[in-house]
Amino acid sequence: MAMEIGMPEFVIETPSIVTLPIAGTDAVFPVRRVYCIGRNYAAHTVEMGGDPNREAPFFFQKNPDNLDPSGEFPYPPHSADVHHEVEMAVALQTGGKNIPLGKALEHVFGYGVSIDMTRRDLQGEAKKLGRPWEIGKAFERSAPIGTIRATTEIGHPDHGRIELRVNGEVRQEGDLNQMIWKVPEMISHLSEYFELAPGDVILSGTPSGVGPVARGDRMEASIEAIGSIAVDVV
Ligand code: MN
């Protein structure tokens, strides 16, 4: 087959673009980067041993292909303490640097329900040693996620129940209105340090109640006004 003019010949198998399903359409959302917010709910900061009055939230990253809409979470190697963290995902349609608070929401395409799966034992060692967090956070399929709901459909939810159940039992519960950095603040803060772009996804932090899962468990994560996902630990 003839190549399009200007299309380079790749010397190896080309990595695929990660895409997320969008509710109500066959079109998909292409992912560029994944930013994650740590300690964005006071009660979770306290359960992790921090003081929400003294520490601001902060950022780390996962990889685009860590996002996984399959509904299955394979228990990862080298950990005996893998935790769930239910989080609202914010999917950006446009980006930029130094985005003012008042313009931030214009950059959002839509929202989804995700789980920031964490090898807590490896993250704990990394913290103790002052090392980066990737080994605890950015492993294969570490971010189960559901369909993206467009803002044209649901607007910009800034309150509503966020919950995670394991085998039917509520483990995490909170409200989006408990976030320390609201969505416009996350976007504005991030854009001061990174140039945001279309396809960037922000996982907005987790309420309290994080805890371990085991093979055979079913996680059900839900956010009022967005939806829910069911994920089997295999
Ligand atoms: Mn998290």
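The values are calculated or read from the model by the stated rules, or taken from the named source; none is laboratory data. Small disclaimer: the values here were computed from a predicted structure and weren't measured. So basically every Cβ, Gly included, is an ideal-geometry build from the backbone, and we count neighbours across all protein chains shown. The accessibility values were calculated without ligands, DNA or RNA, using every heavy atom of the protein model including side chains. Shrake-Rupley method; radii C 1.70, N 1.55, O 1.52, S 1.80 Å.
Things to note:
- Environment charge of PRO74, counting only residues whose C-beta is closer than 11 Å and scoring Lys/Arg +1, Asp/Glu -1: -2
- Expressed as a whole percent, the accessible area of the range 19-233 that falls on carbon and sulfur atoms is 49 (1.4 Å probe).
- Set of lysines with alpha-carbon distance to LYS182 below 28 Å, sequence-local pairs under 8 removed: LYS62, LYS97, LYS103, LYS127, LYS137
- Directionally averaged shadow of the chain, computed from the convex hull of its alpha-carbon atoms, nm²: 14.9
- Remark on GLY205: its backbone amide H falls under 5 Å from those of ILE37, MET88, a criterion applied only to residues 5 or more positions apart or on other chains, H modelled at 1.01 Å from N.
- Taking amide H atoms as placed 1.01 Å from N in the peptide plane, the amide H of ARG171 lies under 5 Å from those of LEU164, ARG165, VAL166, each 5 or more residues away in sequence or on another chain.
- In the range 19-233, taking the dipole from charged Cβ atoms about the Cα centre, the farthest positive-side position among THR147, ILE226, PRO207 is held by PRO207.
- Put simply, the C-alpha atoms of the range 71-195 give a gyration tensor, and the ellipsoid matching it has half-axes of 27, 20, 13 Å, longest first.
- Counting only protein heavy atoms and a 1.4 Å probe, the chain has 50 square angstrom of accessible area per residue.
- When only alpha carbons are used to place a centre, the range 128-164 and the range 180-226 end up 3 Å from one another.
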